[in-house]
Structures are given as structure tokens and as C-alpha cells.
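To start, the structure under review is shown below, and the notes come after it.
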Amino acid sequence: MKFLLMSLITHQPDPVTGEEIGTAARLREVVDSAVLAEQLGYDGFAVGERHEHPFLSSSPPVVLSAIAARTSTLQLWTAVTTLSLLDPVRAFEDYSTLDNLSGGRLQLIIGKGNGTAQAQLFHVTRDDQWDRNREGYELFRQLWESEDVTWEGAFRPSLEHAVALPRPLQPRIRIWHGSATSKESVDLAARYGDPIFSANVTYPIDSYAELVRHYRERWTHYGHDPADALVGAGTAGFYVTPNSQDALDVWRPIHAARLDFARRAGLPVVFETLEDFVDRSSALIGSPQQVIDKVQRYHEQFGHEVIHLSADRVGSDKQHRESLELFQAEVAPALRETIPSRPLAADTEERQA
């Protein structure tokens, strides 16, 4: 199994101290987290894309480029790239540039995104978001793999023998399809032979496991070898300590702050208590053995090979680092041994930089 740290770059007061750092400091904190992830042996670092409060993650390629400049082996992920909102040509230019600057370390997770800001800022609606996502993906893929693209669609001007530059370092890139609750995303992934990354955050496992099963069914329907299907999954929270009670004590104010935010924002509240959240959600909060056991239970349902863990600080800087270190010392080795995973790059042949 492979392990990513991930941040949506939330910008809110600390749930315990009430302190809120400035925007520049918060962005630097994310880059520093990615540097630490590489130092500790995590496989990748993912940056989300959101276009509304309380997130600062509106420009993943810029943040990932800053991370690329300070790392050398860490895989650089998006989580997700909202192709329903973006001009696919411009998105290709940004990510192809990042692919070159990073030495071919880019991994994309795409999706339609969510949030009311999409309609307000980009005039993308519920009626057209899936068509925009599909069309954006298809054009992006063509631009990546071909230097001569002639194309016509519904949501941007047509192209005739277009050459998009710079050409990427990776001749083929693995594009994951982010999925939360909708079958459209997993069907698109299965049709094109792409992997999926289950959000696996808001609800208990059942609905996400059903979607993964649907993906595998559609994968076979489209004529692909069942053994080639590839799945990743998110987690709803992350904090590991030598004993579970310490982890619960540190997480309790964080859970309370999340509940308060969800109620104020009109979001669904699924887990009223911290104990229910730790028990029934995908959150990995507790002792090393508890975390290992939960990941293995989820793997029985998903068959996933990659997971992402929150990169955002829990507790003090010292507590946060100790949690990340403990995961790598005791959890990751056990899971890597019992859950094999394939190489992340789509093109595993040696590339010239």
C-alpha cells in the first residue's frame, strides 16, 4: 500500500487556541508539510482544489510547483482537479509545465468538484457539470498524448491541428477519477481504463463500497481485465498515538469544531459524537494497531492500494510530527507488507529529464 498526505488548505482558527495565521503563512505551512512528508518516507502529497471559504486551494499547480522545487522524490497529486470548471487547454499547459519542473512526478485526480461557488464564479451548474467534466477530461487526455489535436465540443472553442506546449515529460499520465456518491465518475473511469479514488469521507463505508463495486462491474463491462482495476481511497481524519485515549483527547475539540462548521454551513452531520466518528467513519484515529486493523477492514471492501491522510496539523507541531513519524514507523510497514501495490506512474520506463 502507498500513502499520501493531503491538504485542502483550509484557513480557519485553531479549534483549541483560536489563533489564525495569515494566508501567506498558511500556504508556506502546506509546502513545509510536503517537505516533511518526503523526509519521513510518504509516497506522495496531494493538494485539493476549492474555490470558496474556508479554503486557500484554488490553484493546485502553483502550490505543487513550490513543493516540486523543494522535493525530489515525492509524487505530486491533485485531489481533485476540477476539470468541469477549467479550460482543458489551460489546465494542460499548467500541469504539463509542472510535470516537467517536477521531473515527471505528477499524478492527477480529476472530478467535477462541489460547492456553491462553482455556479457563482464559473457558471457551472448541476445540469451541465458532468458533461463539462467528461468533455474536459477527454480533451485534456488528447492534448497530453498528442501534439496535433483537432477537436470540437460544447463548452469551449474548437481546435484544429492544435499544438499545446510545453510537451509533458510523461508521455502518458495516470489520471484518477475522484468519486464520492455518483456513478457518472466511476463509469467514465471504467470506460477509459482509468483508476478511481474514492472520497470515503462524509459517510460510513457502505455507500463508498457500493460505488467501488459498481466501478469494478463497469470495468469488466468495458472489456478490461479485472486484475488491472486500480482503486485509492481517502480518510476522514488522521491522528495516531501510542494509546487510543491520547488520540481521542487531542481530536475532541477538532470534532466539535467540525460539527459547528457543518451546522453553520448547512452540511450533513452524520457522526454526532467523536466515538461514533472514530468507530463508523474512515477516520484513522487511535493506536497503531487500531489504525492497521481499520485500514485492513476497509481494504476488504475496496481492494484499494493507495490512501491519503490529512497533512494538516493536529495538536501542537510536536504532536503532529510524532503522529506522522509513528505512522511511518509502525503502521506503514505492516500495511505495505500485507497489502501490495503497483507502481504509481502510468509510464514506468526510464525517462530523460
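Protein heavy-atom accessible surface, 1.4 Å probe, per residue over segment 1-105: 37 Å². Below 16 Å, Cα to Cα, which aspartates and glutamates can K183 reach? Residues fewer than 8 away in the same chain don't count. Answer for K183, where 16 Å is the Cα cut-off: D127, D128, D131, D194, D206, E210, E217, listed by chain and number. Between L106, L267, L36, the Gaussian network model of the chain with springs among Cα atoms under 10 angstrom shows the greatest mean-square fluctuation at L267.
Only helices enter this figure: runs of n ≥ 4 DSSP H residues, each worth -39500 (n - 2.57), summed and divided by the residues of the chain, yield -13500 deg cm²/dmol at 222 nm to the nearest 500.
Note on A119 and Q39: the extension gain reaches 24.8 nm, defined as 0.36 nm multiplied by sequence separation minus the Cα-Cα distance.
Annotation: for a label point projected 7 angstrom from Cα along Cα→Cβ of T17, residues of segment 282-315 with backbone N closer than 15 Å are 313-315. Straight Cα distances below 18 angstrom link K2 to the lysines K294, with same-chain residues fewer than 8 positions distant left out. Result for the chain in a Gaussian network model with C-alpha springs under 10 Å: among G41, G237, G223, the largest mean-square fluctuation is at G223.
On the basis of the beta-carbon distance and an R0 of 51 Å, A162 and E275 show a calculated FRET efficiency of 0.40. Whats the longest run of the chain with zero chymotrypsin sites (Phe, Trp or Tyr not before Pro) that are DSSP loop and have at most 15 other Cβ atoms within 10 Å? Between exposed loop sites, the widest span is 1-154.
Rounded to the nearest 5, the antiparallel percentage of DSSP beta bridges internal to segment 132-257 is 25%.
Screening the chain for whole DSSP H helices with an alpha carbon extent of at least 20 angstrom along the helix axis and a mean Kyte-Doolittle hydropathy of at least -0.5 yields 23-40, 244-265. What is the distance in Å between the Cα centroid of segment 311-336 and that of segment 234-280? So the separation of the two Cα centres works out to 17 Å.
Within the accessible surface of segment 125-265, defined with a 1.4 Å probe on protein heavy atoms only, the carbon and sulfur portion equals 49 percent.
The values are calculated or read from the model by the stated rules, or taken from the named source; none is laboratory data. Small disclaimer: the values here were computed from a predicted structure and weren't measured. All Cβ positions, even for glycine, are placed from backbone atoms using ideal geometry, and neighbour counts span all protein chains on display. Each accessible area value is taken on the protein alone, full model and side chains, heavy atoms only, with ligands, DNA and RNA left out. Shrake-Rupley method; radii C 1.70, N 1.55, O 1.52, S 1.80 Å.
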